[in-house]
Amino acid sequence: MIKGSLIDLMSLKNDDFPAIAELCQKSDFGKRLPNALYIHISALERLDPLLQSYEGIARKLLSKIDAVTLIKFSTDTPKLSYLFYPDFDIDPHPALVSSMVVNLETNQVSDRDYSNSLNPPILHRKETFVSSDYPYYSDFVHLTNLEVALGLLENSRSIGTRQQWEKRLAQKQISFEGHYLVCSLRQQNVQSIQVDRHRAAIPRKTLSRPVRLALEAGIFQSGMTFFDYGCGYGRDITEIAQLGHESRGWDPFYAPRTDLIEADIVNLGYVINVIEDVKERREALVNAWGLTQQILIVSAQVLIDDPNRGVMAYGDGIITRRNTFQKYFEQEELKAYIDQVLEADAVPIGLGIYLVFRDREQAQTFQASRFRSRAKTPTIRIPLKRFEDYERILKPLMDFYAQRGRLPIKGELESENEAEIRRVFGNLSRAFQVVLQVTQQEEWDEIREQRRQELLLYLALSRFGNRPTARQLSAEMRQDIKDIFAGYEQACILADMMLYSLRDLDKVGEACRISEIGKKFKGSFLVHLDYVEKLPALLRLYEGCASRTVGRLEGVNVVKFSLQEAKISYLVYANFDAIAHPLLQERLDVYLGRLRVSHRDYREESNPPILHEKDVLVGKDYPLYEKFAQLSEKERDRGLLDDYGPIRTLRGWEKCLGENCSLIKGHQLFWEKNGDVYRLKFLQSQAKARRKRV
């Protein structure tokens, strides 16, 4: 690259311009396009000094540019354009009012006035032009994310002018209220609406999703009480009571006479997103927290609703056709709101669902438990009478080591059991030596290493919240770290090193390559959800960055690791076990760089993606592994899987089967004998030859 000091900017030569173009294309600020860099005037000072000097020469050729909004650096010719968008801050898609173009080859200036145009150029993705500390940056990002989720910004060349954009909005039945994207209801006056909050309640026959996920997370311990704040029809109260917990609830419309009482677990399920008044919304969260003795479950809508249902703007949310208010949070926005109001560190257990713990130590224990793999006590391989005589008292010692990767200290085993071990063997270490005589040392070493990796994962991901001090950990976890590592500080350093290594996608790719489970593609890696915990630690950390900060998509059965950008995708395939090649139903992409989430529903699509080689995604201990593997082997024999490109979708796969005279019933592959007999014989001979080569 040419140094700035070597360029005589005042007499810019054609052979110097590539240095300017290169700086534009490498700029960390502004919107980069193949032939230009656009930058907001407020971010001009963030550019390379050489670009600032370059722009200064063009500025001297202009008389007045006080109201300029954007500056365009052309990278194919030495030109700068000064663009005026007076409504940049207040209009979600401002129109260009005027422009001035400076040609630094000829020192000529041309201008153009769009103020009277019926179809002026407009802007999209405003956040790309400004720096992240711009006052309205978060509003711009929020709007863009919603527009992307609704497909509004696809085929960007066809939405560059006002009329093109209005046509796209009309097709989607969408309009704007400030920087909020809504679907307009005709002939409604927003200011006169009386919101019917109670109509947001949904009759159900089963547990609500937040309470069900909390139950599956294991937070409901025996004897715990439950209170549902904003219980609606009260189904969660009934279901939890049937599980043996004292359960009550209150609702301003359906159960207004019920007393507000404290409980171990309080549920605030989809309440804060149906309160249109910001002050009342905050009060609801604070009041529910005030009733919480141990754990608060908070949930809210985080994905944009179906635009076909029709909504209109109201405050900072929308009004649905049922005349109910809905505030749609982004996932991180919801966490930040809960944390700020309650001065806590909310823990995600699903998209839009958080747990808030009263006790910090309990919160850390819960988070650490989510990284615990299913440990199995090593089997007895060598007969030994001394062990057989005392197997009963040694079994708890073995189970403890299998769970924690270390020997217990005084008081961690039941007192009677520990006393008996000490009476017979003298101490726990000598007792464990007897265990080692009948088991394999390597199996215990693997258990210890597994526990070490689990602790590193937990500590690495705690950087996304408020990493606890050693004193805030449970006594058992402090002892784990002390025994397995030299100390808490060293464990944190090792965890941070592992976290930072995620920046190198080549290392992630290498971890995928050495994994014994999973399907490897050039730019991605797929694995069944049940086997994520068996992946190398770096991949578990990669997935954990998404699942522990955003949450997993409900029903997910396949996880996709991107090797080209920091992105984890959660895929829902219908009837994974029952259908040989299940169709993709839903997809949730988590972009880890800015924790942005996008969702796509494939259920109404006529040609959805399809899954192949299910056996590669699971381990050999999967119940249906043999059935999956036999089908994949037969498909490879026939060459059906030679080229993945055309068979990634349903139609492509059906075409492939037809061309190869094949059909699938259940997990069995058959020859289609009603077609061309000669082609069938040819394909059968090819398949036979393939098997011989293998």
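Is it the case that some residue within the stretch 565-587 is out of contact with any Pro (no Cβ under 6 Å at 6 or more places or on another chain), open to solvent by less than 40 Å² (accessible area, probe 1.4 Å) and on the phi > 0 side of the Ramachandran plot?
Initially, the stretch 565-587 is screened for residues out of contact with any Pro (no Cβ under 6 Å at 6 or more places or on another chain), giving 565-572, 577-582, 585-587.
Subset that is open to solvent by less than 40 Å² (accessible area, probe 1.4 Å): 567-572, 580-582, 586.
Those left that are additionally on the phi > 0 side of the Ramachandran plot: none.
No, there is no match, as no residue in the stretch 565-587 is out of contact with any Pro (no Cβ under 6 Å at 6 or more places or on another chain), open to solvent by less than 40 Å² (accessible area, probe 1.4 Å) and on the phi > 0 side of the Ramachandran plot.
Take the residues in the stretch 538-572 that are in contact with a Phe, Trp or Tyr (Cβ under 8 Å, 6 or more places away or on another chain) and aromatic (Phe, Trp, Tyr), then tell me which one is modelled with the lowest pLDDT.
Ranking the candidates gives 542 first.
Would you pick out the residues in the stretch 380-412 that are open to solvent by less than 20 Å² (accessible area, probe 1.4 Å) and part of a loop (DSSP other than H, G, I, E, B)?
Within the stretch 380-412, 405, 406, 408 meet the criteria.
What residue, of 553, 535, 611, is under 26 Å from residue 153 (Cα atoms), out of contact with any helix residue (DSSP H, G or I) (no Cβ under 7 Å at 6 or more places or on another chain) and surrounded by 20 or more Cβ atoms within 10 Å (Cβ to Cβ)? Talk me through it step by step, then tell me what you get.
Details: 535 fails: under 26 Å from residue 153 (Cα atoms); 611 fails: under 26 Å from residue 153 (Cα atoms).
So the residue among 553, 535, 611 that is under 26 Å from residue 153 (Cα atoms), out of contact with any helix residue (DSSP H, G or I) (no Cβ under 7 Å at 6 or more places or on another chain) and surrounded by 20 or more Cβ atoms within 10 Å (Cβ to Cβ) is 553.
Exactly one condition in (1) closer than 29 Å to residue 162 by Cα; (2) at pLDDT 90 or above; (3) open to solvent by 30 Å² or more (accessible area, probe 1.4 Å) is not met by residue 36; state its number.
For residue 36, the failing item is (3).
Taking residue 139 as the residue in question, decide whether it is in contact with a His (Cβ under 9 Å, 6 or more places away or on another chain), of a type in the set (D, E, K, R) and open to solvent by 40 Å² or more (accessible area, probe 1.4 Å). Walk me through how you get there before you give the answer.
Details: in contact with a His (Cβ under 9 Å, 6 or more places away or on another chain): yes; of a type in the set (D, E, K, R): yes; open to solvent by 40 Å² or more (accessible area, probe 1.4 Å): yes.
Judged against the criteria, residue 139 is a match.
Out of curiosity, is residue 442 of a type in the set (D, E, K, R) and open to solvent by 50 Å² or more (accessible area, probe 1.4 Å)? If you could, list the steps in order and put the result at the bottom.
Values: of a type in the set (D, E, K, R): yes; open to solvent by 50 Å² or more (accessible area, probe 1.4 Å): yes.
Yes, satisfied.
Starting from the stretch 227-252, take each residue that is under 16 Å from residue 289 (Cα atoms) and list its partners that are modelled with pLDDT of 95 or more and among the acidic types (Asp, Glu), counting only C-beta distances under 6 angstrom and pairs at least six apart or across chains.
As it stands, the answer is 249/228, since those pairs meet every condition given.
Of the residues that sit in the stretch 67-111 and are within 20 Å of residue 137 (Cβ to Cβ) and among the acidic types (Asp, Glu), which one is farthest from the chain's Cα centre (by Cα)?
Among those residues, the one meeting the criterion is 87.
Run down 55, 154, 105, 45 and say which single residue is loosely packed, with under 14 Cβ neighbours inside 10 Å and not in a loop (DSSP other than H, G, I, E, B).
Details: 55 fails: loosely packed, with under 14 Cβ neighbours inside 10 Å; 154 fails: not in a loop (DSSP other than H, G, I, E, B); 105 fails: not in a loop (DSSP other than H, G, I, E, B).
Every option except 45 fails the conditions.
Can you name the residue in the stretch 653-678 that is of a type outside the set (Lys, Arg) and part of a helix (DSSP H, G or I) and, of all such residues, is most open to solvent (accessible area, probe 1.4 Å)? It would help to see each step written out before you state the result.
Within the stretch 653-678, the first condition is being of a type outside the set (Lys, Arg), and the residues that meet it are 653-654, 656-664, 666-672, 674-678.
Remaining after also requiring part of a helix (DSSP H, G or I): 653-654, 656-659, 677-678.
Details: 653: 9, 654: 105, 656: 18, 657: 24, 658: 55, 659: 91, 677: 79, 678: 181 Å².
Out of the qualifying residues, it is 678.
So, of the residues in the stretch 59-82 that are surrounded by 17 or more Cβ atoms within 10 Å (Cβ to Cβ) and touching a Pro at 6+ places or on another chain (Cβ under 9 Å), which turns out to be modelled with the lowest pLDDT? Lay out the reasoning, then the answer.
We begin by selecting, within the stretch 59-82, every residue surrounded by 17 or more Cβ atoms within 10 Å (Cβ to Cβ); these are 68-75, 78-82.
The next check asks that each one be touching a Pro at 6+ places or on another chain (Cβ under 9 Å); those that pass are 69, 75.
On the way: 69: 95, 75: 92.
Among those that are surrounded by 17 or more Cβ atoms within 10 Å (Cβ to Cβ) and touching a Pro at 6+ places or on another chain (Cβ under 9 Å), it is 75.
Does residue 672 satisfy the condition of being of a type in the set (Asp, Glu) and farther than 20 Å from residue 584 by Cα? Please lay out each step first, then the result.
On the way: of a type in the set (Asp, Glu): yes; farther than 20 Å from residue 584 by Cα: yes.
So residue 672 passes the test.
Among the residues of the stretch 240-294, which ones are buried (at least 19 other Cβ atoms within 10 Å of the Cβ), assigned to a helix (DSSP H, G or I) and of a type in the set (S, T, N, Q)?
If the condition is that a residue be buried (at least 19 other Cβ atoms within 10 Å of the Cβ), assigned to a helix (DSSP H, G or I) and of a type in the set (S, T, N, Q), then 273 is the only one that fits.
Assess whether residue 518 counts as being in contact with a helix residue (DSSP H, G or I) (Cβ under 7 Å, 6 or more places away or on another chain), buried (at least 17 other Cβ atoms within 10 Å of the Cβ) and within 15 Å of residue 463 (Cα to Cα). Lay out the reasoning, then the answer.
Numbers: in contact with a helix residue (DSSP H, G or I) (Cβ under 7 Å, 6 or more places away or on another chain): yes; buried (at least 17 other Cβ atoms within 10 Å of the Cβ): yes; within 15 Å of residue 463 (Cα to Cα): no.
So residue 518 fails the test.
List the pairs whose first member sits in the stretch 676-689 and is of a type outside the set (Asp, Glu), whose second member is at pLDDT 85 or above and part of a helix (DSSP H, G or I), and whose Cβ atoms are under 8 Å apart, counting only residues at least 6 apart or on separate chains?
687/637
Looking at the structure I just gave you, is residue 470 touching a residue at least 12 places away in the same chain (Cβ under 8 Å) and either under 19 Å from residue 483 (Cβ atoms) or over 30 Å from the mean Cα position of the chain (by Cα) (or both)? Step through it out loud before you land on a result.
Working: touching a residue at least 12 places away in the same chain (Cβ under 8 Å): yes; either under 19 Å from residue 483 (Cβ atoms) or over 30 Å from the mean Cα position of the chain (by Cα) (or both): yes.
In short, yes.
The values are calculated or read from the model by the stated rules, or taken from the named source; none is laboratory data. Please read all numbers here as calculations on a predicted model, not as lab measurements. Cβ sites come from the backbone with ideal geometry, for glycine too, and all protein chains shown count toward neighbours. For accessibility, only protein heavy atoms count, side chains too; no ligands or nucleic acids. Shrake-Rupley method; radii C 1.70, N 1.55, O 1.52, S 1.80 Å.
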